[in-house]
Amino acid sequence: MPRHSEKRHLPYSPDQLFDLVADVKSYQEFLPWVATVRVRSDSETEMIADLVVGFRALKETFTSRVNKRRPHQIDIDYIEGPLKYLHNHWKFEPDGQGGTIVDFCVDFAFRSRIFETLAGQMFDRALRRMIGAFEDRAHVLYGEGAVAEGSSSSSAHRAA
């Protein structure tokens, strides 16, 4: 079952990064494979949203609950779709110099062995592309930051 945890130092404020991640309705504009987003409900603390994700001819709809604790944390939990489970966690901690330490974790499993096998083969590459898309979106929205290059760190592993 794919699992990935990573910490990154980014030159944006926790509020900016919180707003970027919480703006689920804009995901189809910049995230690879997100074809459509439908927000069912949205408040300051919780959102329910459907994402249609497509990989070539395969398209699946995922419904998730997004719990928002401004400006420091967003937790995304799976409600229905082709998965056994999904948990996605974002934590935004100020670095004391105007930037943010982002702690990101995603853990999920498909119901289908075929999807699980496909996801396992593409997971690392797809995740790097998705994280890069969030970083690129932050750059487009907020401009270039002041954090020096080489300040990000990451670690990935697969849960057994």
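We did not get these values from a lab; they are worked out from the coordinates using the rules stated. All of these numbers come straight from a predicted model, not from anything done at the bench. Quick reminder, even Gly has a Cβ in these numbers, built from the backbone with ideal geometry, and neighbours come from all protein chains shown.
Extending 7 Å from Cα along the Cβ direction at Ala35 and again at His87 yields two label points whose distance is 3.0 nm. Where a ≥ b ≥ c are the square roots of the eigenvalues of the C-alpha gyration tensor, would you call the chain rounded, which needs a/c under 1.5, or, failing that, prolate if a/b is larger than b/c, or oblate? Here the chain falls in the prolate category. Under the convention that each Lys and Arg Cβ holds +1 and each Asp and Glu Cβ holds -1, the size of the dipole of the stretch 72-117 around its Cα centre is about 280 debye.
A Förster radius of 22 Å, combined with the Cβ-Cβ distance separating Asp107 from His72, puts the computed FRET efficiency at roughly 0.65.
Using unit Cβ charges (K, R positive; D, E negative) and no other charged atoms, how large, in debye to the nearest 20, is the dipole of the stretch 1-49 about its Cα centre?
On the way: 6 positive and 8 negative charges, 62 e Å.
With only Lys, Arg, Asp and Glu charged at Cβ, the dipole is about 300 debye.
Between Ile114 and Glu80, the modelled label-to-label distance comes to 2.2 nm, taking each label 7 Å out from Cα in the direction of the beta carbon.
Listed by chain and number, the lysines placed with their C-alpha closer than 25 angstrom to that of Lys91 are Lys7, Lys25, Lys68; residues fewer than eight positions away on the same chain are left out.
Simple point charges give the picture: +1 on the Cβ of Lys and Arg, -1 on the Cβ of Asp and Glu, and for the chain a dipole about the Cα centre of about 680 debye.
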